[in-house]
Amino acid sequence: MENNNSIFVVGIKFKGSGKIYYFKSDSLPLRVGEKCIVETDKGLEIGIVAISRRKILKGLIQRPLKNVVRKAAKEDIRQVENNEALEREAFEICQNKIREREIPMKLIRVEFSFDAQRATFYFTSEGRIDFRELVKDLAHHFKIKIEMKQIGLRDEARILGGCGPCGRNLCCASFLKDFEPVSIKMAKDQNLALNPVKISGVCGRLMCCLVYEHATYKELKKNLPQIGSNIDTAEGKGKIVKINLLQENAVVELEDGKKVSVSIKKTP
């Protein structure tokens, strides 16, 4: 039961997104993987439980939560299947209209709202385009509200999904909640080869996973010598030509040209 200081919530994911949204769950016994109908700002939608029902302090909630209405029934699943058929139809019709009007845009996905009264068309384009006539065509055909949404290359990868260079499902399409800024400096800090093919994701942008270990590499580099630094070794003086941060050792080129591996591990 709820009390004055706590509330039961459940984490819900929606189609095409790894982001989790919290909803008030009251007494509904929801388990991870179950489908349910929830209230949103745009009406009822269907989602999948990603975080099971749990009690949290009301003070942790930053804004009022919408409610979980019910578990998805057979009728709701049939509605979703009907919507998916409409989405396929709308995608084909929109593609044809784009070709007819020679609009410089790439259609990525069509999503219908749960009640099938709104359709969102996701697309990419190199610049701003005028799609007003296209919207009129689609609204005339489907007799519902049409929304065109331009997205970037990372969002395209999130929606379409796929496998990364690691062989696993794309982070953005599976668990990544938000995109964090990624810079080439992160690759340099991790001593990675600055080959665009090796450090770019399927979207063509720098891989999001460069962020994951960046803080660890920054911590390891603190107070360590840099490449090009002179150092004394047991075999004589030399210059550091390579550093392996994870193993905390360095390759040193001695004055006679010989290369040796030495430990550069920090002492506590």
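Of the strands (runs of 3 or more DSSP E) contained entirely in region 146-258, not one carries at least 3 residues that are in contact with a Gly (Cβ under 9 Å, 6 or more places away or on another chain) and closer than 30 Å to Lys136 by Cα. Taking (1) in contact (Cβ under 8 Å) with a residue 60 or more places away in the chain; (2) over 30 Å from Asn244 (Cα atoms); (3) not assigned by TED's automatic domain parsing to the domain that holds Gln95 in turn, Cys172 satisfies each apart from (2). If the condition is being under 16 Å from Asn169 (Cα atoms) and either β-branched (Val, Ile, Thr) or assigned by TED's automatic domain parsing to the domain that holds Val252 (or both), then region 197-235 contributes only Val202. For region 128-162, filtered to residues that are surrounded by fewer than 14 Cβ atoms within 10 Å (Cβ to Cβ) and touching a residue at least 40 places away in the same chain (Cβ under 8 Å), the residue that is farthest from Met207 (Cα to Cα) is Gly162.
Of the residues Gly47, Gly33, which single one is without any contact (Cβ under 8 Å) to a residue 24 or more places away in the chain and either outside the structural domain of Ser174 (by TED's automatic domain parsing) or out of contact with any Phe, Trp or Tyr (no Cβ under 9 Å at 6 or more places or on another chain) (or both)? On inspection, the qualifying residue turns out to be Gly33.
Here is a check on your reading of the model: is Thr120 among the β-branched types (Val, Ile, Thr), without any contact (Cβ under 8 Å) to a residue 60 or more places away in the chain, over 25 Å from Gly43 (Cα atoms) and not assigned by TED's automatic domain parsing to the domain that holds Leu210? Against the criterion (among the β-branched types (Val, Ile, Thr), without any contact (Cβ under 8 Å) to a residue 60 or more places away in the chain, over 25 Å from Gly43 (Cα atoms) and not assigned by TED's automatic domain parsing to the domain that holds Leu210), Thr120 does not qualify.
The listed residues are Pro181, Pro165, and the only one of them that is touching a helix residue (DSSP H, G or I) at 6+ places or on another chain (Cβ under 9 Å), loosely packed, with under 14 Cβ neighbours inside 10 Å and either in contact (Cβ under 8 Å) with a residue 40 or more places away in the chain or not assigned by TED's automatic domain parsing to the domain that holds Lys15 (or both) turns out to be Pro165.
Considering each residue of region 38-52 in turn, none proves to be modelled with pLDDT under 90, touching a Gly at 6+ places or on another chain (Cβ under 7 Å), surrounded by 14 or more Cβ atoms within 10 Å (Cβ to Cβ) and assigned to a loop (DSSP other than H, G, I, E, B).
Do we find that Ile12 is closer than 21 Å to Ile159 by Cβ, modelled with pLDDT of 90 or more, part of a strand (DSSP E or B) and outside the structural domain of Thr120 (by TED's automatic domain parsing) in this structure? For Ile12, the condition - closer than 21 Å to Ile159 by Cβ, modelled with pLDDT of 90 or more, part of a strand (DSSP E or B) and outside the structural domain of Thr120 (by TED's automatic domain parsing) - is met. For Leu57, the stated conditions hold: it is loosely packed, with under 12 Cβ neighbours inside 10 Å and either of a type in the set (A, V, I, L, M, F, W, C) or closer than 27 Å to Ile151 by Cα (or both).
The values are calculated or read from the model by the stated rules, or taken from the named source; none is laboratory data. Predicted model only: the values in this text are computed from it and were never measured. Counting neighbours? That spans all protein chains shown, and the Cβs are built from the backbone with ideal geometry, glycine included.
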